[in-house]
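Okay, so here's the structure we're looking at.
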């Protein structure tokens, strides 16, 4: 925690409940949550339904970019902050990485129209569950002393769902990382690539939750 943020805590000049940065981070993670729900729908949609869902994800990602910009500007311009400046910036960056990667993957899935197996759908479900818990963290950080146990439990939940995604990815990998020829080989390679990208999105949710836990421990 930097000196001014520490001073704000001591004299009560910048209470967490009134922090624009946390409010904007809450909005951003809410968009991430919605994007993960759409991603899950994308993996289950018929080919003629992909474009519409992809467009919805693009809209969410653009909105998230605007909120990230507002949030980082608010952090840079604030004299007093409830938490360490670099940690708040890192939280925004990690949350934005998640929705950026969802938008990129959504585009690739829409363009290729590769039908992914159940294991990939299981990963997307775990991502949506992780993001739903991740979305709780900015609100809980408004009262870190009161919500310390809640934050720890939320971080554990995100970790649990990331491990669920990881297990599904390992199953997918063992099934499709095998000798094949021609079109089957090409399809297997694409499935593995998309599976890896899905699993990295789950990793991103956990990275965000770990950063929020760092914020908690830095202020305890």
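Data table
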| read-out | value |
| --- | --- |
| The lone exception for residue 78 - which of (1) modelled with pLDDT of 95 or more; (2) farther than 23 Å from residue 199 by Cβ it fails | (1) |
| Condition broken by residue 129, with the remaining ones in (1) closer than 14 Å to residue 36 by Cβ; (2) over 18 Å from the mean Cα position of the chain (by Cα) satisfied | (2) |
| Unmet criterion (only one of (1) farther than 24 Å from residue 218 by Cα; (2) touching a residue at least 24 places away in the same chain (Cβ under 8 Å); (3) touching a helix residue (DSSP H, G or I) at 6+ places or on another chain (Cβ under 7 Å); (4) surrounded by 14 or more Cβ atoms within 10 Å (Cβ to Cβ)) for residue 113 | (4) |
| Every pair of residues 6+ apart whose Cβ atoms lie under 7 Å, when the first sits in segment 42-56 and is part of a helix (DSSP H, G or I) while the second is surrounded by fewer than 13 Cβ atoms within 10 Å (Cβ to Cβ) | 47/113; 50/113 |
| Number of positions in segment 116-158 that are within 26 Å of residue 195 (Cα to Cα), touching a helix residue (DSSP H, G or I) at 6+ places or on another chain (Cβ under 8 Å), surrounded by fewer than 19 Cβ atoms within 10 Å (Cβ to Cβ) and free of Cβ contacts under 8 Å to residues at least 60 places away in the same chain | 1 |
| Positions within segment 160-188 being surrounded by fewer than 17 Cβ atoms within 10 Å (Cβ to Cβ) and either at pLDDT 90 or above or in contact with a strand residue (DSSP E or B) (Cβ under 8 Å, 6 or more places away or on another chain) (or both), in sequence order | 160, 163, 166, 167, 170, 171, 173, 174, 175 |
| Number of positions in segment 62-81 that are within 13 Å of residue 22 (Cα to Cα) and assigned to a helix (DSSP H, G or I) | 8 |
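The values are calculated or read from the model by the stated rules, or taken from the named source; none is laboratory data. Here the structure is a predicted model, which means the values were calculated and not measured. Backbone-built Cβ (ideal geometry, glycine too); neighbour counts: all protein chains shown.
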